[in-house]
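Below: the structure, in structure tokens.
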Amino acid sequence: MSGCRSAIFFSATLTPDDYYRHLLGLSPGTKVVTLPSPFPPENLAVFVDNRISTHYRERSRTCTSVAMGILRVVRRKGNHLVFFPSYAYLDMVQEALSELAPELEMQVQNPSMSEAARVAFLDYFRS
């Protein structure tokens, strides 16, 4: 980073600042601008089920449990985003979701999307 004049890092999870400054190789005096979320706080809900392991070696065993947990949440009104540690695990859970709830409408990102496909994917959520 010392060779750059500026850099922009975009993520919803770049806190705490000091930790990420160190992780990204930034000097302690680096100026950081943190912007507020554009989403109303009342629209946020975070659900954690610490009974299900998503460790790599346990994913094939737990993907159905993850899918059932997702189904419990997405039955609520609104748009829902689900994040996965890998595309492979996303594919496993998507398959389980399709078997459990074939009527469920899903938009799924994949690593080989063209720019047009990415734009269409994001546009879907504007409604």
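The values are calculated or read from the model by the stated rules, or taken from the named source; none is laboratory data. Fair warning: this is a prediction, and the values are worked out from it, not measured in the lab. All Cβ positions, glycine included, derive from the backbone under ideal geometry; neighbour counts span all protein chains shown. With ligands, DNA and RNA removed, areas are computed over all heavy atoms of the protein, side chains included. Shrake-Rupley method; radii C 1.70, N 1.55, O 1.52, S 1.80 Å.
Structural remarks
- Degrees separating the helix 87-100 axis from the principal Cα axis of the chain, which is the longest one: 30 degrees
- Once the Cα atoms are used to define both axes, helix 59-74 deviates from the longest principal axis of the chain by about 90 degrees.
- Top of Pro36, Pro102, Pro28 by mean-square fluctuation, Gaussian network on the chain, Cα under 10 Å: Pro28
- Ser11 accessible area, assembled protein chains, probe 1.4 Å, Å²: 60 Å²
- Each Lys and Arg adds +1 at its Cβ and each Asp and Glu adds -1 at its Cβ; summed about the Cα centre, the chain shows a dipole of about 280 debye.
- Of the chymotrypsin sites (Phe, Trp or Tyr not before Pro) in region 21-127, the ones in a loop by DSSP (not H, G, I, E or B) with at most 15 other beta carbons within 10 Å are Phe47, Phe83, Phe125.
- Residue-count net charge about Ser112 - beta-carbon cut-off 14 Å; Lys, Arg +1, Asp, Glu -1: -1
- Answer label, with Cα extents along the principal axes in Å calculated from the coordinates and candidates (i) 35, 29, 25; (ii) 43, 28, 25; (iii) 51, 36, 34: (iii)
- Test item: Cα-centred dipole of region 77-123, Lys/Arg +1 and Asp/Glu -1 on Cβ, debye: 180 debye
- Between region 86-109 and region 14-48, the alpha-carbon center distance in angstrom: 29 Å
- Highest-MSF residue in the chain out of Gly69, Gly78, Gly29 [GNM, Cα springs under 10 Å]: Gly29
- Neighbour count of at most 10 Cβ within 10 Å plus DSSP loop: longest GluC sites (Glu not before Pro)-free window in the chain: 1-102
- Sulfur and carbon atoms: percent of accessible area, region 1-105 [1.4 Å]: 57 percent
- Accessible-area rank, largest first, for Thr15, Thr62: Thr15, Thr62, with all protein chains present and a 1.4 angstrom probe.
- For region 55-127, the list of trypsin sites (Lys or Arg not before Pro) that fall in a loop by DSSP and count at most 16 other C-beta atoms within 10 angstrom reads Arg75, Arg76, Lys77, Arg126.
- Chymotrypsin sites (Phe, Trp or Tyr not before Pro) lying in DSSP loop within region 8-38, provided at most 11 other Cβ fall within 10 Å: Phe9, Phe10
- The simple Förster model, with R0 at 22 Å and r as the Cβ-Cβ distance, assigns Ser114 and Asp91 a FRET efficiency of 0.70.
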